[in-house]
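Step one of this worksheet: look at the structure below.
The values are calculated or read from the model by the stated rules, or taken from the named source; none is laboratory data. All figures in this text were calculated on a predicted structure; none of them were measured in a lab. Neighbour counts are summed over all protein chains in view; Cβ atoms, including those assigned to glycine, are modelled from backbone coordinates with ideal geometry.
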Amino acid sequence: MAKNISRKDFLKGAAMSAAGVGLFASGLMNAAAEEEKPEYKNSSNWVLASQNVKWDEEHDIVIAGYGMAGTAAYIEAVEIDPNVDVVIYDKSDEENAGGQAIASGQCVIFVQKDDIETFRTYMRNLNKPQVIPEEDFNWLTNEFATDLEWIQGALEPVGYEVGYSGGGALRWGTLLVEFPKLEGADFVGATGHFRKKDGGIPFENGGCWNGFAAAAEYRGAKPNYSHQVVCLVQDSITKRVEGVGVKKPDGTVIYVKAKKGVLLATGGYEGDMQMYRDFNGGDTIYNAGSPYVTGDGVKMEMAIGAQLWHMDNHTMSCGYFHGIKVPDYETCFIRQFYMKHGGWMEVAADSTRYYNEADSYQRQHMKYYSHGQYVDVPIHRSQPVHMIFDDDCCKAQPIVNAWIGWPVTCRNPYHWSDDNSVEIEKGWIVKADTIEELAEKLGRDPEALRAEVEHYNAMVDAGEDADFGRDITTMAKIQKAPFYAIEEFPAMPACSGGARRNIKGQVLTWDNQPIEGLYSAGELGSLVCNLYQNGTYLHEAICSGRAAIDTMLGGRAELKSSAGGEAAAPWAEAEDGDYSVFVTGLHDPYEVIFTIKDKKLVDMKIGEGKENMFMTDEQFAEFAKNIIDTQSMGVDAISGATIDSQAITGGLMTAFSHKTS
């Protein structure tokens with residue numbers, strides 16, 4: 001006979017049953033975890049829950065990416081704590097390492113300490129109309145003015161130095177200010193370049209990354225090449241990033257725990273053409289940098305809910321360069337900036353010229369000034385574009401740049417032939433006996449192209465480019481057969497889109513809260529969001545890599561150098577003699593004459609136009625004495641004569657190209 005059970009017995013039995021089910025389920029889950037880890041299925045799984053992951057390795061810090069930011073971060077980490085356990089993963093193989101850093105122009109900006117405020121004004125104007133938090137500006141500009149000795153100290157043990165990119169010592173006044181019409185452009189800066197000391201060359205292709213990679217490896221870095229970080233591993237409850245998934249060269253995925261944090265230093269999305277199309281528009285835009293920079297960091301940040309910014313920075317930080325894409329390389333060459341022979345032109349879709357193709361746009365990162373704004377060179381709006389040139393031009397020099405762009409700066413660089421003959425033989429350059437035949441090979445209207453070449457040649461005869469104002473000294477007739485053409489595409493050496501981070505390197509959510517355990521550095525989420533001043537990206541990569549590590553470890557490395565952390569004066573390489581320059585203070589211009597002896601400034605005096613100087617003789621004498629005594633421009637302005645003081649200091653930066661005796 002069945003027995004009725006009490007409510008108490010029912011609840012007791014139910015609890016026991018539930019416990020049994022729970023233990024059974026738990027056993028199944030544990031068995032599954034032991035037998036099979038959660039696989040990184042495909043590129044849609046950019047974030048996994050740590051509760052479902054069995055860790056294969058555990059380290060203090062995981063660095064994803066071994067470019068400028070990654071190397072700087074490693075150096076900072078081991079200088080703070082020599083016992084810290086740092087693992088580095090890089091997507092590229094060792095032969096193709098270096099990221100965007102090795103493909104860049106190898107310049108690093110430095111700012112004189114006394115001119116930080118002026119530089120901040122310039123930086124604000126560069127980034128308009130975007131608004132960057134003042135805290136971010138203050139942090140970055142201060143770093144640019146104060147970390148030279150840390151960089152020198154990092155490089156010194158491996159025989160690298162910080163010099164001027166044009167050769168000789170790092171000197172104040174050597175910076176090419178790219179946008180001189182902006183307020184603040186008169187700050188005192190220097191263009192740094194990292195090269196082997198006593199290496200016998202003023203400029204080393206890839207030198208900045210080469211130096212920092214050597215410095216990191218000197219301190220024990222062992223980068224794991226051909227290891228792609230494919231996902232973040234996040235605690236689904238606390239939301240802390242606990243580690244990463246890493247795809248090994250054999251295709252298997254391991255899970256690596258990071259006790260102190262994960263640093264994403266994977267660069268931008270230059271190598272993912274679809275991301276370019278989605279975020280920026282346009283059709284065919286080629287990467288001039290590393291083929292391994294494909295937006296992996298951006299995709300992980302998007303998946304975890306990070307706040308994105310500057311994603312549309314396609315022609316803002318850098319205008320489009322003129323890229324030459326050939327079948328043998330994933331990324332493109334950059335067309336030569338300065339052509340020795342003038343027998344060339346560029347034509348747009350309708351086979352007519354579309355701008356002054358010989359101007360020095362690279363001095364503003366492919367921008368030009370128009371109607372009160374710096375705007376982009378219009379190659380992306382003119383496709384298809386071809387460079388048309390004759391035999392004299394072809395034989396004068398390589399048509400590609402030899403010092404910027406991945407194919408010529410990577411560890412196994414391509415050496416373009418001096419007369420372009422090898423590339424003609426390869427079929428990279430189209431050759432024809434007549435302009436009409438050339439047009440047919442290009443798929444263009446033969447009559448239209450012939451008419452444009454004749455029009456160009458007629459302007460050469462007339463001594464004036466009536467269409468676009470090209471300097472006549474850069475023009476010559478396109479007349480000697482055979483004739484040649486090569487297609488040009490919009491090319492990007494850098495972009496700055498990614499997750500927003502704070503000055504501690506912490507990646508932020510959409511409500512500006514840090515995502516615990518997740519950091520970023522370098523180009524990925526850069527502060528740069530409009531016009532780009534040369535040297536900013538590489539230096540920001542160093543600063544942001546250090547900042548992230550400082551936060552993780554709660555410290556700050558201070559490196560010393562025999563170089564002393566100070567750039568040389570502008571006259572450090574000048575020959576003995578008098579140098580003259582006209583400066584403008586409150587009134588009309590007046591002449592300042594500087595005398596150099598044995599690489600030192602020994603005298604300053606006023607020449608013509610003294611009546612235009614607001615500063616008194618006594619004030620000038622005091623100001624000159626301060627500069628001469630310190631052999632530095634970093635002296636205080638004279639009270640009551642600030643404008644003249646600034647004018648004279650500015651003159652010091654330019655005077656040494658005007659020797660008078």
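Conditions tested, residue by residue: (1) under 17 Å from residue 499 (Cβ atoms); (2) in contact (Cβ under 8 Å) with a residue 40 or more places away in the chain; (3) buried (at least 24 other Cβ atoms within 10 Å of the Cβ).
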{"residue": "249", "(1), (2), (3)": "no, no, no"}
{"residue": "274", "(1), (2), (3)": "no, no, no"}
{"residue": "277", "(1), (2), (3)": "no, no, no"}
{"residue": "287", "(1), (2), (3)": "no, yes, yes"}
{"residue": "292", "(1), (2), (3)": "no, yes, yes"}
{"residue": "297", "(1), (2), (3)": "yes, yes, yes"}
{"residue": "323", "(1), (2), (3)": "no, yes, yes"}
Long-range neighbours under 8 Å by Cβ, at least six apart or interchain, first residue within 23 Å of residue 612 (Cβ to Cβ) within segment 566-585, second hydroxyl-bearing (Ser, Thr, Tyr) and part of a helix (DSSP H, G or I): 581/654
Residue count, segment 190-208 (criterion: touching a helix residue (DSSP H, G or I) at 6+ places or on another chain (Cβ under 7 Å) and among the small types (Gly, Ala, Ser)): 1
Given (1) at pLDDT below 90; (2) of a type in the set (S, T, N, Q); (3) more than 24 Å from residue 493 (Cα to Cα), index of the condition residue 127 fails: (3)
Residue match in segment 583-598 (condition: within 23 Å of residue 163 (Cβ to Cβ), in contact with a Lys or Arg (Cβ under 7 Å, 6 or more places away or on another chain) and assigned to a strand (DSSP E or B)): no
Some residue of segment 402-417 being assigned by TED's automatic domain parsing to the domain that holds residue 450 and more than 24 Å from residue 271 (Cα to Cα): yes
Matching residues, segment 397-428, being over 19 Å from residue 98 (Cα atoms) and aromatic (Phe, Trp, Tyr): 416, 428
Filter result for the condition that a residue is buried (at least 18 other Cβ atoms within 10 Å of the Cβ), assigned to a loop (DSSP other than H, G, I, E, B) and among the aromatic types (Phe, Trp, Tyr), over 194, 187: 187
Hits in segment 214-242 (condition: part of a strand (DSSP E or B) and in contact with an Asp or Glu (Cβ under 8 Å, 6 or more places away or on another chain)): 224, 228, 229, 230, 233, 234, 241, 242
Checklist (1) in a loop (DSSP other than H, G, I, E, B); (2) closer than 27 Å to residue 652 by Cα applied to residue 556, failing item: (2)
Index of the failed condition, residue 346 passing every other in (1) in a strand (DSSP E or B); (2) more than 25 Å from residue 95 (Cα to Cα); (3) not assigned by TED's automatic domain parsing to the domain that holds residue 412: (3)
Segment 270-304, residues that are more than 18 Å from residue 97 (Cα to Cα), at pLDDT below 95 and either hydroxyl-bearing (Ser, Thr, Tyr) or not in a loop (DSSP other than H, G, I, E, B) (or both): 273, 274, 275, 276, 277, 278, 279, 280, 284, 286
Matching residues, segment 496-514, being crowded, with 24+ Cβ neighbours inside 10 Å and β-branched (Val, Ile, Thr): 507
Every pair of residues 6+ apart whose Cβ atoms lie under 8 Å, when the first sits in segment 325-343 and is assigned to a loop (DSSP other than H, G, I, E, B) while the second is at pLDDT 95 or above and among the acidic types (Asp, Glu): 325/487; 326/423; 341/392; 343/390; 343/392
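Results for (1) surrounded by 16 or more Cβ atoms within 10 Å (Cβ to Cβ); (2) under 22 Å from residue 73 (Cα atoms); (3) aromatic (Phe, Trp, Tyr), shown as yes or no for each residue.
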| site | (1), (2), (3) |
| --- | --- |
| 541 | yes, yes, no |
| 545 | yes, yes, no |
| 551 | yes, yes, no |
| 554 | no, yes, no |
| 560 | no, yes, no |
| 567 | yes, no, no |
| 573 | yes, no, no |
| 577 | no, no, no |
| 580 | yes, no, no |
Odd one out for residue 347, checked against (1) in contact with a Ser or Thr (Cβ under 8 Å, 6 or more places away or on another chain); (2) buried (at least 24 other Cβ atoms within 10 Å of the Cβ): (1)
Any hit, segment 617-632, residues being in contact (Cβ under 8 Å) with a residue 60 or more places away in the chain, surrounded by fewer than 17 Cβ atoms within 10 Å (Cβ to Cβ) and not in a loop (DSSP other than H, G, I, E, B): no
Count of residues meeting criterion [crowded, with 17+ Cβ neighbours inside 10 Å and either touching an Asp or Glu at 6+ places or on another chain (Cβ under 8 Å) or closer than 21 Å to residue 442 by Cβ (or both)] in segment 360-376: 5
Single residue of 267, 211 found to be under 17 Å from the mean Cα position of the chain (by Cα) and not in a loop (DSSP other than H, G, I, E, B): 211
